[in-house]
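The values are calculated or read from the model by the stated rules, or taken from the named source; none is laboratory data. Given the structure is predicted, the values throughout are model-derived calculations rather than measurements. Here the Cβ positions follow ideal geometry from the backbone for every residue, glycine too, while neighbour counts run over all protein chains shown.
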Amino acid sequence: MTPLMPVVLVATLGLAAPAASTAPGTPGVDQQYLPASKAGLITSRTTESKVWATVQRQGGLGEIFYPTIGGPSARALTFVVTGRDGIEASQVRTQQVGPLRFRQTFDGGRWRLTADYTTDPGRSSVLVDLKFSGGRSYGLYAVYDPALGNSRGGDSGRTVGKALVATDGGVSSALAGDFAGTSSGFAGVSDGHTDLRDGRMDWHYPSAGAGSLVQTAQLRGRHSVLALSFGGTPTEALAGARKSLHSGFERVARDYAYGWKRYLAGLSDPPRVLHSAAQQQLYRTSALVLAAAEDKTHPGAYVAAPASPWAFGTDDPSGPYHLVWSRDLYQIATGLIAAGDRAGARRALDFLFGVQQKPDGSFPQNSQLDGTPVWGGLQLDEVALPIVLAYQLGAPHWSGVKKAADFLVSYPQAPFTPQERWENQSGYSPNTIATAIAGLVCAASIATAQGDKASAARYLATADSWRANVKKWTVTTNGPYSSKPYFLRLTKDGKPDVGTKYNIGDSGPVGVDQRRVVDPGFLDLVRLGILKPSDADVVNSLPVVDKQLGVATPRGFFWHRASFDGFGEQLDGSQWEYNEPDGSLVSRGRAWPLLTGERGEYELAAGNRRTAFERLATMTRATGPGGMLPEQVWDRTSPAGRPGFAPGTPTFSATPLTWAHAQYLRLARNLQENRITEQPAAVADRYLH
């Protein structure tokens, strides 16, 4: 049970005040997007319905996306209960009641409200079925906060008949239902939350100009159905809302469920090794989350997460988690393959090679859903992993594969990378080098099949050279954590026995000896078939990362992503912020469940099947309300004694994180087949056999 934020109980006395012509207080207060710790994600399987909605852990709907999953068109749709007893504490419980179908129960002690959510497969509408039980002295309201066109500050709204419409440029919305009263106002000044503090809906403003619009509807009766629809014009949005209401919630929900049940039926049989109901449920949920994260206008464009964690929630338009990342897309595609959705993985591959940079053959650090590059960084793993994926899917896109491989072998200083997989450091990274070696060997295999023996020879020679030197560049023999050699996160100079210093970033410490910075990323050398799991330096490195990065919690064992990481909440639980000064140490990165899955894959490769099963169980226990996997879980530095901060439970990080759900699918499938299914055979044949 989670404390409920939006439901407020106050006395319902008095009559509504006369309506002014327009709401006062323009432009209102700009509000951050809601916390990224979502309890659910809903969207229809159809491409006709271009709307996605997130379910808030704190209650109600959070960001609602339209017309793509690349940016919200609503900040929130929440519910307010008023009653004569004043403000009461209330709780919310979220349940999955079907494939990507969620129900929330709000318990106020003397009243109860249930909200069932779905989207209309035939149009861009979100429907909510509300059932209220309690005395007649209580009132029920819907408070809608639009952010049309991925902008929070330019929405204008008005009442049309008994519905509320809003518009901003070329995007409009309509909220319709059986309303006894409506109002459009400005956030923090003339909005519903402000009005209802005294228990009465005193304001009935018929319109509000452009600003931080918030619209309020008083619901009639104890059972209500709301339709929130989107379109290019107010007329289109209103027509969609009315058609969805005419169809009825039960019919729409039935059609919604049918679409996702058909999708599940087309996947591979779930792994038989999933013995518990919780594991089976998370496996299905993970497959559905990945499928739901694909845009419906730009096939193959899967976003990192439908959330905006921490300071990214202040971005307007929304931030980087709503972009497509080459690395994340590889992880998602391998998860889709594990689940049996090779068509979805193929669309992801097609998207990647559609956005490949011309003429050099690299890939954007990240891009909009239409392929437009956003950030300008270069990460060699994001160049190599599309090659590996192409190999896994039967070697299409030969011309693109060749360009990417040629880029890797000709890039100055390679395999030194300007950024490694955690984005904020350059250097010789064992993780990046692993992906580059695998990419080149896969490219050589494809080149050979294409009859290009010269390119194949060049790729293999480079891959062999990098494999021969990866330890020289990244394994220290005199580091402080062990008398035995161990892998570092990276080296700045390719000299792991030299105490070269660098600043960690994300508020972390400054001038840190590179021999003191480790991460588990070297495990990709095993996963991708470059080193054996029994390799002495790999084995020596395990207790180092366990001691330096491991987190034992009641829900299982997790790992931080790197030493001294600051990418996470501050010590008091408040959010991570941009550009905190180096060395300020104001924030802490917590533990990542996906790293537990990566460790499980290593242990399976090493023959420790029982331990790998425990890693899967730990990931299962890391879910929050609604069964979503988070980016991070709380560690031992979480605020002590405060509810909601228990070690091993989700932080306010991006939830659901598609990469984490993909990792869960992969580990489950690998346990079923007792092998690393995404390991390229060409790489393993060259280096392990």
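Of all residues in segment 167-178, those that are under 14 Å from residue 125 (Cβ atoms) and assigned by TED's automatic domain parsing to the domain that holds residue 143 have Cβ atoms under 9 Å from Cβ atoms of residues that are in a strand (DSSP E or B) and among the charged types (D, E, K, R), 6 or more apart or on another chain, in 173/155.
Do the conditions hold for residue 284, that is, is it in contact (Cβ under 8 Å) with a residue 40 or more places away in the chain, under 30 Å from residue 333 (Cα atoms) and surrounded by fewer than 22 Cβ atoms within 10 Å (Cβ to Cβ)? Give the derivation first.
Details: in contact (Cβ under 8 Å) with a residue 40 or more places away in the chain: yes; under 30 Å from residue 333 (Cα atoms): yes; surrounded by fewer than 22 Cβ atoms within 10 Å (Cβ to Cβ): yes.
Considered against the rule, which asks whether it is in contact (Cβ under 8 Å) with a residue 40 or more places away in the chain, under 30 Å from residue 333 (Cα atoms) and surrounded by fewer than 22 Cβ atoms within 10 Å (Cβ to Cβ), residue 284 comes out as yes.
Would you confirm whether any residue within segment 467-478 is part of a strand (DSSP E or B) and among the β-branched types (Val, Ile, Thr)? Yes.
Considering every residue within segment 602-625, establish whether at least one is touching a Phe, Trp or Tyr at 6+ places or on another chain (Cβ under 6 Å), at negative phi and assigned to a helix (DSSP H, G or I). Please lay out each step first, then the result.
The initial filter retains those residues of segment 602-625 that are touching a Phe, Trp or Tyr at 6+ places or on another chain (Cβ under 6 Å), namely 619.
Those left that are additionally at negative phi: 619.
Filter once more, keeping what is assigned to a helix (DSSP H, G or I): 619.
Checked against the condition, which is being touching a Phe, Trp or Tyr at 6+ places or on another chain (Cβ under 6 Å), at negative phi and assigned to a helix (DSSP H, G or I), segment 602-625 yields at least one hit.
Which residues, taken from segment 70-86, are within 23 Å of residue 651 (Cβ to Cβ) and either aliphatic (A, V, I, L, M) or in contact with a helix residue (DSSP H, G or I) (Cβ under 7 Å, 6 or more places away or on another chain) (or both)?
Restricting attention to segment 70-86, the residues satisfying the condition of being within 23 Å of residue 651 (Cβ to Cβ) are 72, 75-76, 78.
Result: 76, single match.
Restricting segment 248-304 to residues that are hydroxyl-bearing (Ser, Thr, Tyr) and in a helix (DSSP H, G or I), the residue that is farthest from the chain's Cα centre (by Cα) is 258.
There is no residue in segment 654-672 that is over 27 Å from residue 264 (Cα atoms) and modelled with pLDDT of 95 or more.
In this structure, does residue 547 turn out to be crowded, with 16+ Cβ neighbours inside 10 Å, within 28 Å of residue 494 (Cα to Cα) and not aliphatic (A, V, I, L, M)? For residue 547, the condition - crowded, with 16+ Cβ neighbours inside 10 Å, within 28 Å of residue 494 (Cα to Cα) and not aliphatic (A, V, I, L, M) - is not met. Each residue in segment 553-591 was checked for being closer than 22 Å to residue 616 by Cβ and free of Cβ contacts under 8 Å to residues at least 60 places away in the same chain, and 2 pass. Tell me whether segment 490-499 contains one or more residues that are in the same structural domain as residue 589 (by TED's automatic domain parsing), in a strand (DSSP E or B) and without any contact (Cβ under 8 Å) to a residue 60 or more places away in the chain. Checked segment 490-499: no residue is in the same structural domain as residue 589 (by TED's automatic domain parsing), in a strand (DSSP E or B) and without any contact (Cβ under 8 Å) to a residue 60 or more places away in the chain. Identify all residues within segment 463-506 that are surrounded by 23 or more Cβ atoms within 10 Å (Cβ to Cβ), among the polar types (S, T, N, Q) and touching a Ser or Thr at 6+ places or on another chain (Cβ under 8 Å); write none if there are none. 474, 491 - these are the residues of segment 463-506 that are surrounded by 23 or more Cβ atoms within 10 Å (Cβ to Cβ), among the polar types (S, T, N, Q) and touching a Ser or Thr at 6+ places or on another chain (Cβ under 8 Å).
Table: residues versus (1) crowded, with 24+ Cβ neighbours inside 10 Å; (2) of a type in the set (Ser, Thr, Tyr); (3) in contact (Cβ under 8 Å) with a residue 40 or more places away in the chain; (4) in a strand (DSSP E or B).
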site: 93; (1), (2), (3), (4): no, no, yes, yes
site: 96; (1), (2), (3), (4): no, no, yes, yes
site: 104; (1), (2), (3), (4): yes, no, yes, yes
site: 110; (1), (2), (3), (4): no, no, no, no
site: 116; (1), (2), (3), (4): no, no, yes, yes
site: 131; (1), (2), (3), (4): no, no, yes, yes
site: 144; (1), (2), (3), (4): yes, yes, yes, yes
site: 152; (1), (2), (3), (4): yes, no, yes, no
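Hey, among 449, 456, which residue is free of Cβ contacts under 8 Å to residues at least 60 places away in the same chain and either surrounded by fewer than 17 Cβ atoms within 10 Å (Cβ to Cβ) or not assigned by TED's automatic domain parsing to the domain that holds residue 547 (or both)?
Values: 456 fails: either surrounded by fewer than 17 Cβ atoms within 10 Å (Cβ to Cβ) or not assigned by TED's automatic domain parsing to the domain that holds residue 547 (or both).
None of the others qualify; the one that does is 449.
Could you say which residue among 410, 426, 399 is at pLDDT 95 or above, touching a Ser or Thr at 6+ places or on another chain (Cβ under 7 Å) and surrounded by fewer than 19 Cβ atoms within 10 Å (Cβ to Cβ)? Spell out the reasoning first.
Working: 410 fails: touching a Ser or Thr at 6+ places or on another chain (Cβ under 7 Å); 399 fails: touching a Ser or Thr at 6+ places or on another chain (Cβ under 7 Å).
Result of the check over 410, 426, 399: 426.
In segment 339-366, which residues are of a type in the set (Phe, Trp, Tyr) and touching a helix residue (DSSP H, G or I) at 6+ places or on another chain (Cβ under 6 Å)? Those that are of a type in the set (Phe, Trp, Tyr) and touching a helix residue (DSSP H, G or I) at 6+ places or on another chain (Cβ under 6 Å): 353, 363.
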